[in-house]
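Visitor: Quick one: structure below, then a few questions.
The values are calculated or read from the model by the stated rules, or taken from the named source; none is laboratory data. Treat the numbers as computed from the prediction; the structure is a model and nothing was measured. Neighbour counts are summed over all protein chains in view; Cβ atoms, including those assigned to glycine, are modelled from backbone coordinates with ideal geometry. For accessibility, only protein heavy atoms count, side chains too; no ligands or nucleic acids. Shrake-Rupley method; radii C 1.70, N 1.55, O 1.52, S 1.80 Å.
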Amino acid sequence: MKRTLLYLAVPALCLALFILLSATPGMAHKAKHAPEQLKAFDDVFMEQVRIGDLLFHGDAATEKKMKTKLSRTGMACAMCHPFAVDNHPHEFPKFQEQINKFSTLRDMINWCIEKPNEGEKLDPDSDAMKALEAYIYWSNRGSKLDPGRH
Amino acid sequence: MKEQEWKKEEGGTQGRHDEKSGMRNEITRRTFLRSSLIAGAAAGAAVNGLLPFIQTIEVAFGADSFSFAWISDSHLYPKTLNTRFVEKTERAINEVKAMKPAPDFLIYGGDLAQLGDPVELDLGAELLKSITVKKYYIPGEHDWYLDMGDKWMKLFGKPNWTFDHKGVRIIGLDTISRGPDYWSAKKMSQQERMGHMATLDGSVAGPWAGVGRDQLDWMSKTLSDWPKDKPVIVFSHNPLYEYYPPWNFWVRDWREVQAILKPYSKVTNVHGHTHQVLYNEIGSMRSIGMLATSWNWPYPPEGVPVLTTPMVRVDPGDHFDGVGWSKLAMTAADKVNNEYMMWRKDVFAQTQVDSGTGDNTNQILSPRFADRP
Ligand SMILES: [Fe+2]
Ligand SMILES: [Fe+2]
C-alpha cells in the first residue's frame, strides 16, 4: 500500500519540494503556493518526462549522459511500446508471470531491459529509472488505476 | 467479473458464427473469406468487439485456384548489430520454400530494412534470393527515407506495378514514398530524416502515408478495362483505411482509394506495416493485415476494426513469438483464404485476458513530446 503511493507520487516533485524547503526552511506548505512555484514544480516533472521519453526512444546522447545501456539489439522501448502502450503503469504492483513474483513497474522495466533488449539493468532508484517511470506514467495519465490486473 | 464481460461480448456476436461448418468457438489460424458477411459490414474505424471465432466471408471469385505467400516487415539491421531479425526472416523464407505445392509467387510487403541502409537492403535481397518462385516487392517507409528509394529501386525496380494472374487483376501500391517534406526546412541529414520516419510514434514525419494523386490516376487507369465483377487484389504496405493515424496506420487519402475501388465487387487488400492480426471491410473491399517477421505491435487503445478477431498477447521473452508470415490462397471453391503462419499454437485470442486488445479500453495514451521543437 505504502509502496503503491510511493510509485504514484512524482519523484521529481519531491525533489522540487526539497529544494524549496532548503531555500526557505520551515516554510513549505505553510505559505500559499504562488503560480510561479507551481510552474517550477511542473517544470521539474516535465524535464524528467522529457529525459524518460528520450531514453525510451533510444536517444544515444541521453543514454551516454545518463551512463545507461538500455539495449544491445538496436531496439528501443518505443519500438514495441509506441506512446508507452502496453506498459500498464496503472496495473502495478501485480504478480508478474515472467518474473514469477509480485512486481513493481520498476521490476518490469528492468525485466524488459534485460530480456527483449539484452541491455544492462538499472539501479531501481537511479535517475534513469525515475525518468523512465515519469515518462511511462505521464504517457498513460488518465488511465484508471487498476492495481493487480493481469 | 472479467469473465462475465467476456461472455457478454461473446453472446453479442453469435450471428457471425459459421453455423454450417460448426466453427462456433473453434479458432484456428486461418481466415476464411466469404461474401455472406459483406452486407452491413462496418466501415472504417470502430471499437473492437473481441469476436471469439474466425472471420468467415464467402467470395464468388470465379478465378482458378492458386496460392501465394507473403513476407514483410523484417526490419533487418546489419548483421554486426543483431542477427535475431535475420534468423526470423530466414525461418520464414525456409518455410515458404517448403510449401507444397510451391506458391505461384511471393509478395515481399515492405520494411525489409530497418534504417534504409544499403547494407540492410543488400542483406535482405541476398536472403530472399533463395526463394525461386516469382517475387514481387513493394516498399515500406523503413526502406526508403535514407536515400529516397535509390537503393531499393536499384534492387527491386518500380515501387508500384500491376499484372493479371489466373483471372485476377493484381496491383502493388506504393503507399510510402509521398510523405510531405519535413526535412528540407530543418536541414536534416539523410540519417536524421530516416530516424524520424523510423519512429512510429514520432511527431516529426507527420501523416506521411499516402497514395498520391498521380498514383490514384494510375490505379484508375489500370482498372479501367477490368470487369467490375472480376476479382482484384491490391497489395499495399499500409492499410487502405483509417485505423490509427497517430501511428500512420492508414493512408491519408484512403477515401480516394476507396472511391476508385468502389465499383469493383470483389476487392481484397493485403497489407503489412501494422505487425499484427487485422481484418476489416470497407464497402466491398476486404482488408487483411499481415504479421511481421521482426516484432509485433500492440493494438492501439482505439480504432481496432470491429471485424478483427484480435491476436493473443505476446511473450516478450521469446522473440519468435507473435510474428511470422502468411500463406494465402484463392481456392477453386471461390474463396480467398489467409493462414497466419505465426510461430505458436494459438494465434487468435480465446479469452479477453489473453487478447492483445484485452487492456485497450483501460489505456489512455498521450503522444510523445520530446521530439517537438
Ligand atoms: Fe514494419
Ligand atoms: Fe512500415
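Visitor: If amide hydrogens are placed 1.01 Å from N in the peptide plane, which non-local residues have theirs closer than 5 Å to the one on B:Trp343?
Guide: HN-HN under 5 Å from B:Trp343: B:Gly322, B:Val323.
Visitor: Under 16 Å from the Cα of B:Lys158, which lysines turn up, not counting those fewer than eight places away in the same chain?
Guide: Cross-link targets: B:Lys134, B:Lys135.
Visitor: Over all residues in A:83-92, what is the mean tally of Cβ atoms on other chains that come within 10 Å of each residue's Cβ?
Guide: 5
Visitor: Rounded, prolate or oblate: pick one for segment B:60-345, where a ≥ b ≥ c are the square roots of the eigenvalues of its C-alpha gyration tensor, a/c under 1.5 means rounded, and failing that, prolate if a/b is larger than b/c, else oblate.
Guide: rounded
Visitor: Within the accessible area of segment B:296-373, what % is carbon and sulfur when the probe is 1.4 Å and the other protein chains stay in place?
Guide: Roughly 53 percent, rounded to a whole number.
Visitor: Show which lysines lie in cross-link reach of A:Lys121 when reach means a straight Cα distance below 29 angstrom and same-chain residues fewer than eight apart are skipped.
Guide: A:Lys2, A:Lys64, A:Lys65, A:Lys67, A:Lys69, A:Lys94, A:Lys101, A:Lys130, A:Lys144, B:Lys79, B:Lys88
Visitor: In percent, how large is the relative contact order of segment A:37-139, given Cα pairs closer than 8 Å and 6 or more residues apart?
Guide: Relative CO of segment A:37-139 lands at 39 percent.
Visitor: Shifting gears a bit: Would you grab the residues whose amide H sits under 5 Å from the one on B:Ser355? Only those 5+ places off in sequence or on another chain, please, with H modelled 1.01 Å from N.
Guide: The list, which skips near neighbours in sequence, is B:Arg313.
Visitor: Okay, moving on. Please work out the average accessible area per residue across segment A:37-139, using the 1.4 Å probe convention, and give it in Å².
Guide: Per-residue accessible area for segment A:37-139 comes out at 43 Å².
Visitor: Could I ask something else about it? For B:Gln191 and B:Val119 in the same chain, what is the full-extension length gain: residue separation times 0.36 nm, less their Cα-Cα distance, in nm?
Guide: Contour length minus Cα-Cα distance gives 24.5 nm.
Visitor: So, one more: What relative contact order, as a whole-number percentage, does segment B:167-286 give when Cα pairs under 8 Å and 6 or more residues apart are counted?
Guide: Relative contact order for segment B:167-286 comes out at 29 percent.
Visitor: Report, in whole Å, the centroid distance computed from the Cα atoms of segment A:97-150 and segment B:241-304.
Guide: If we compute the Cα centre of each part, the gap is 32 Å.
Visitor: Now, a different point. Which aspartates and glutamates, on any chain, are close to B:Lys186 with Cα under 15 Å apart, when same-chain ones fewer than 8 places away are left out?
Guide: The reachable aspartates and glutamates, counting only those whose Cα sits under 15 Å from B:Lys186, are B:Asp371.
Visitor: Let me ask something additional. With a 1.4 Å probe, what is the total accessible area buried between chains A and B, in Å² rounded to the nearest 100?
Guide: 3100 Å²
Visitor: List the residues whose amide H sits under 5 Å from the amide H of B:Asn269, counting only those 5 or more places along or on another chain, with H placed 1.01 Å from N in the peptide plane.
Guide: The list, which skips near neighbours in sequence, is B:Val234, B:Arg286, B:Ser287, B:Ile288.
Visitor: Given the options A:Asn140, A:Phe102, A:Cys112, identify the residue whose Cα lies farthest towards the positive end of the charge dipole of segment A:88-146 (+1 on Cβ of Lys, Arg; -1 on Cβ of Asp, Glu).
Guide: Final value for the positive-end residue is A:Asn140.
Visitor: For the peptides B:357-369, B:102-114, B:141-153, what is the packing order when you average, over each peptide's residues, the other Cβ atoms within 10 Å and list the highest mean first?
Guide: B:102-114, B:141-153, B:357-369
Visitor: If packing is taken as the average number of other Cβ atoms within 10 Å across a peptide's residues, how do B:206-212, A:60-66, A:90-96, B:234-240 rank, most packed first?
Guide: Per-residue mean Cβ counts within 10 Å order the peptides as B:234-240, B:206-212, A:90-96, A:60-66.
Visitor: What residues does segment B:251-299 have that are buried by at least 40 Å² of accessible area in the full protein assembly compared to the chain on its own, 1.4 angstrom probe?
Guide: So the qualifying set is B:Trp295, B:Pro298.
Visitor: Through the Karplus equation 6.51 cos²θ - 1.76 cosθ + 1.60, θ set to phi - 60°, convert the phi angles of segment B:196-203 into ³J(HN,Hα) values in whole Hz; use x for Gly and Pro.
Guide: Rounded to whole hertz, the list is 5, 5, 7, 8, 3, 9, x, 10.
Visitor: Accessible area per residue for segment B:60-345 in Å², computed with a 1.4 Å probe and the full protein assembly in place, what is it?
Guide: Using a 1.4 Å probe on heavy atoms only, each residue of segment B:60-345 averages 33 Å².
Visitor: Short version: which residues of segment B:175-202 lose at least 40 Å² of accessible area, all chains versus chain alone, 1.4 Å probe?
Guide: The answer is B:Asp201.
Visitor: Right, another one. Can you tell me the dipole magnitude for segment B:60-345 around its Cα centre, using point charges on the Cβ only (Lys, Arg +1; Asp, Glu -1), in Debye to the nearest 20?
Guide: Result for segment B:60-345 is approximately 540 debye, rounded to the nearest 20.
Visitor: Peptide A:97-103: average number of partner chain Cβ atoms within 10 Å per residue?
Guide: Partner-chain Cβ atoms within 10 Å, mean over residues of A:97-103: 1.
Visitor: Spelling out what I want: for every residue of segment B:112-118, take phi, set θ = phi - 60°, compute 6.51 cos²θ - 1.76 cosθ + 1.60 (Karplus), and round to whole Hz; glycine and proline get x.
Guide: Rounded to whole hertz, the list is 5, 9, 8, 10, x, 5, x.
Visitor: If you count, for every residue in A:67-80, the Cβ atoms of partner chains within 10 Å of its Cβ, what is the mean?
Guide: Neighbouring Cβ atoms belonging to other protein chains average 4 per residue here.
Visitor: Using the Cα centre of segment B:60-345 as origin and beta-carbon charges of +1 (Lys, Arg) and -1 (Asp, Glu), tell me which of B:Ser65, B:Tyr299, B:Trp254 is placed farthest towards the positive end of the dipole.
Guide: B:Ser65
Visitor: Would you give the gap between the C-alpha center of segment B:84-148 and the C-alpha center of segment B:215-232, rounded to a whole Å?
Guide: 27 Å
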